[in-house]
Amino acid sequence: MGDGFDRVTTVLFLISLVALAPAVGVAADDPAATIERLPVHVETLDDPPAPTAARDDPSARTPGMRAQLGGFVSIQVNVDGAGQNIVGDAGNEPSIAIDPLNPDNIVIGWRQFDNVASNFRQAGWAFSNDGGQSWTFPGVIEPGIFRSDPVLDTDSTGTFYYNSLKNDFSMDVFKSFDAGQSWPDDAPAFGGDKNWMAVDKTGGVGDGQVYGTWQRNFNCCGLSVFTRSTDGAASFEFPVPVTNTPSFGTMAVGPDGTVYSSGVREADLVNFAVSRSTDARDSGSSPTFSGVLVPLGGTMGFSSGPNPAGLLGQANVAIDASGGSSDGNVYLLSSVNPSGSDPLDVFLARSTDGGATWAAPVRVNDDAQASGAYQWFGTLSVAPNGRLDAVWNDNRNSGQTNISELFYAYSWDAGDSWLGNVPVSPSFDSFVGWPNQNKLGDYYTMISDAAGGSLAWAATFNGEQDVYFLRVFPDCNDNGTSDVDDIAGGGSSDVDGNNIPDECEGGLLLSSPDPGLPGQINSLTAAGAGAGNRVAFVRGTAAGIFPAPGCPGVNLGIDSPKRMGQEVADGAGEAVLTVSFPGSISGQTALFQAFDRVDCTVSNVVTFVFP
């Protein structure tokens, strides 16, 4: 395979949003007209490789970053063998894949820049065998070969796939049979710029088939932008067209094997579109597509604000495979430029009939609509229990275009309403660490399980662009544990079965011991009790289920708890117990809970480790 070191001019179109509208007198499907309107950095070779790679200098190291905000910890992925940060390199556009048979096996691929002095990029990757707590970064799949736009996935047997774009706008798909440690097999897969990939894991007739798509300009095959492999990525079929040619978006496979492709309609780059194929799963048929335009509350953002030379967020299509009342729902989410003064919001639309029709879009972020904040890189995944997880970068708290935090929100009602809307990372500067290319890439990726979402994202906590792994999860009681686990483990009750701990819906909320020091007087505060009601406080050492004294049918979430005392709630419904903990409790873990002895409401369980 050639290295392609002949210098090719980078194509960069920086245009105003006004220019996104179709030109008068130009056919909407005119490819030449569309090329003139393309606003993003096309993936071609510009700089040659830098003379030196940052990782080759062992002195260019700082401690590996673990960026924490509350119970959310972003763990740096692109680290050396000692877990240290490599000073002077960069990574962005991370894509994550998780072994469905062993979720501890995780692989993340990204655009690897060995030196920020050059925008020459390669197919970087790292793997984890402990659920993302530590990472091994071997380097790049093919050293010295220009590669971009990584997309990873797995099949139902745990084989990993890595889709990678080359300088000539063709794709290769690599395979790993050892949880991402090596990539011995690869196959050409046609392709083009802004490629995406999805693998059928339904267990149906299409299980194991690999699908790829891309934009219709800067590609191999004109309007034919979809390819399929029916032999586990050993070979790929000649591409076929896709209705509306969705571009700058993701793909997904529904529970029945239907293939969905999302993006903006490339004929105008304004209208969002979702196309679907119900026969791509049938290896004996040539795939055909139908599709519709989807109102999403605004237009896609390009090359401005916090990401001057890239997308402000691609389209994300995701399918509910929960088996419940929302099974089969199709969701489309993106950061969009809405009408009015707000530059960018995250919106979600839902289809309950397989993408044929769509409900009105819902705004996900909850800041004031005229706040002027950018909510960019909106990213969506759907959990197997039907929960929707969404993340995005958000500058609402800084008021500065380049200073963002990562925000998280979730929905238990198929996207009708959203909870959370909380920052889950420290702030970072999206204008630093550019690898001779003024952007933080174009996308993040996330995969959800029952308890939360596993996110691959990029940020600049080290003063340079690095790749991070983060677990996000519903945490209404702010105890650092997923609400799903709280309820399943008995630490929180959920009487109405809406997946939200009862203490977050007007019940008792117990705080941690204050100041939380052994050998001192501490206070425990329970809020939300009935005014004048007696509130009992208990403690123990292990979670469990134990009947609440005097409250038939009501259980506490601590095994064999010991009574600490009781207090009467004041007029605001707050009861405060003061207690002294001995110095010998230092280093021990204690569980605390409270319950209202009059109306039998039970608080959350607080798990506290004494210093």
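The values are calculated or read from the model by the stated rules, or taken from the named source; none is laboratory data. This one's a predicted model, so the numbers in the text were calculated from it and none came from an experiment. Here the Cβ is made from the backbone with ideal geometry for all residues, glycine too, and neighbour counts use every protein chain on show. Calculation scope for accessible area: heavy atoms of the full protein, side chains included, ligands and nucleic acids excluded. Shrake-Rupley method; radii C 1.70, N 1.55, O 1.52, S 1.80 Å.
Can you tell me the dipole magnitude for the stretch 465-611 around its Cα centre, using point charges on the Cβ only (Lys, Arg +1; Asp, Glu -1), in Debye to the nearest 20? Let's see the in-between values first.
Values: 6 positive and 18 negative charges, 143 e Å.
Using only the charged Cβ atoms, the result is roughly 680 debye.
Per-peptide packing, taken as the mean over residues of other Cβ atoms within 10 Å, places 540-546, 204-210, 264-270, 444-450 in the sequence 264-270, 444-450, 204-210, 540-546 from highest down. Across the stretch 153-168, rounded Karplus estimates of 3J(HN,Hα) from the backbone phi angles (6.51 cos²θ - 1.76 cosθ + 1.60, θ = phi - 60°) give 7, 10, 9, 6, 9, x, 6, 9, 10, 10, 8, 9, 8, 9, 5, 8 Hz, Gly and Pro being marked x. Entry comment: accessible area of the stretch 337-470 is 29 Å² per residue, from protein heavy atoms only and a probe of 1.4 Å. Estimated from the Cβ-Cβ distance and a Förster radius of 30 angstrom, the FRET efficiency linking S286 and S417 is about 0.10. Note on the chain: dipole from Cβ charges, positive end direction compared against N498, V253, T230; the farthest Cα belongs to N498.
Solvent-accessible surface of the stretch 156-199, taken per residue with a 1.4 Å probe and all protein chains present: 28 Å².
Taking label positions 7 Å along the Cα-Cβ direction at both V568 and T607, the computed distance is 3.7 nm, reported to one decimal. Note that the stretch 86-102 has calculated 3J(HN,Hα) couplings of 8, 6, x, 9, 8, x, 7, 6, x, 10, 10, 9, 10, 5, x, 8, 8 Hz, one per residue in order, obtained from phi through the Karplus relation 6.51 cos²θ - 1.76 cosθ + 1.60 (θ = phi - 60°); glycine and proline are x.
Total lysine pairs in the chain at Cα distances under 17 Å, for residues eight or more apart or on different chains: 4.
When the helices of the chain are scored as -39500 (n - 2.57) per DSSP H run of n ≥ 4 and the total is divided over every residue, the value at 222 nm lands at -500 deg cm²/dmol.
Placing a label point 7 Å from the Cα of D185 along the Cα-to-Cβ direction, the residues of the stretch 129-146 whose backbone N falls under 20 Å of that point are 141-142. Using 0.36 nm per residue and subtracting the Cα-Cα separation, the extra length available between V579 and N397 on full extension is 61.8 nm.
Based on the alpha-carbon gyration tensor of the stretch 123-167 and its eigenvalue square roots a ≥ b ≥ c, which shape applies: rounded if a/c is under 1.5, prolate if not and a/b is larger than b/c, or oblate? Write out the running numbers ahead of the final one.
Values: a/c = 2.78, a/b = 1.38, b/c = 2.02.
In terms of gyration-tensor shape, oblate.
With a ≥ b ≥ c taken as the square roots of the eigenvalues of the C-alpha gyration tensor of the chain, please select rounded if a/c is under 1.5 and otherwise prolate if a/b is larger than b/c or oblate if it is not? It is prolate, given that a/c is not under 1.5 and a/b is the larger ratio.
To the nearest 20 Debye, how big is the dipole of the chain about its Cα centre, given +1 on the beta carbon of each Lys and Arg and -1 on that of each Asp and Glu?
Details: 28 positive and 70 negative charges, 99 e Å.
Dipole about the Cα centre, nearest 20: 480 debye.
Over the stretch 180-268, the reciprocal of the mean inverse Cα-Cα separation, the Kirkwood hydrodynamic radius, stands at 13.4 Å.
Per-residue 3J(HN,Hα) values for the stretch 573-580, derived from phi via the Karplus relation 6.51 cos²θ - 1.76 cosθ + 1.60 with θ = phi - 60°, read x, 10, 10, 10, 9, 9, 8, 9 Hz in sequence order (x marks Gly and Pro). What trypsin sites (Lys or Arg not before Pro) does the stretch 48-124 have in DSSP loop regions with at most 15 other beta carbons within 10 Å? Here no trypsin sites (Lys or Arg not before Pro) fit, given the DSSP loop and packing criteria. Sorting 158-166, 418-426 by average packing, meaning the other beta carbons within 10 Å per residue, from highest down gives 158-166, 418-426.
Given all pairs of different Cα atoms, what value in angstroms does the Kirkwood hydrodynamic radius of the stretch 380-489 take? Please list the in-between numbers first.
On the way: mean 1/r = 0.0675 Å⁻¹.
For the stretch 380-489, inverting the mean 1/r across all distinct Cα pairs yields 14.8 Å.
For the chain, the carbon plus sulfur part of the accessible surface works out to 52%, probe radius 1.4 Å.
Of interest is the spacing of the C-alpha centroids, which for the stretch 112-133 and the stretch 261-321 amounts to 27 Å. Take 172-179, 233-240 and order them by the average number of nearby Cβ atoms within 10 Å per residue, most first; the result is 172-179, 233-240.
What is the calculated FRET efficiency for N436 to Q588, with r their C-beta to C-beta distance and R₀ = 56 Å, to the nearest 0.05? Walk me through the numbers on the way to the answer.
Working: r = 53 Å, r/R0 = 0.94.
It comes to 0.60.
I'd like the FRET efficiency for A359 and D279, computed as 1/(1 + (r/R0)^6) with the beta carbon distance as r and R0 of 35 Å, rounded to 0.05. Efficiency at R0 = 35 Å is approximately 0.85. Once you sort the root eigenvalues of the Cα gyration tensor of the stretch 90-176 as a ≥ b ≥ c, which label holds: rounded (a/c under 1.5), prolate (a/b larger than b/c) or oblate (the other case)? Taking the square roots of the gyration eigenvalues as a ≥ b ≥ c, the stretch 90-176 is oblate.
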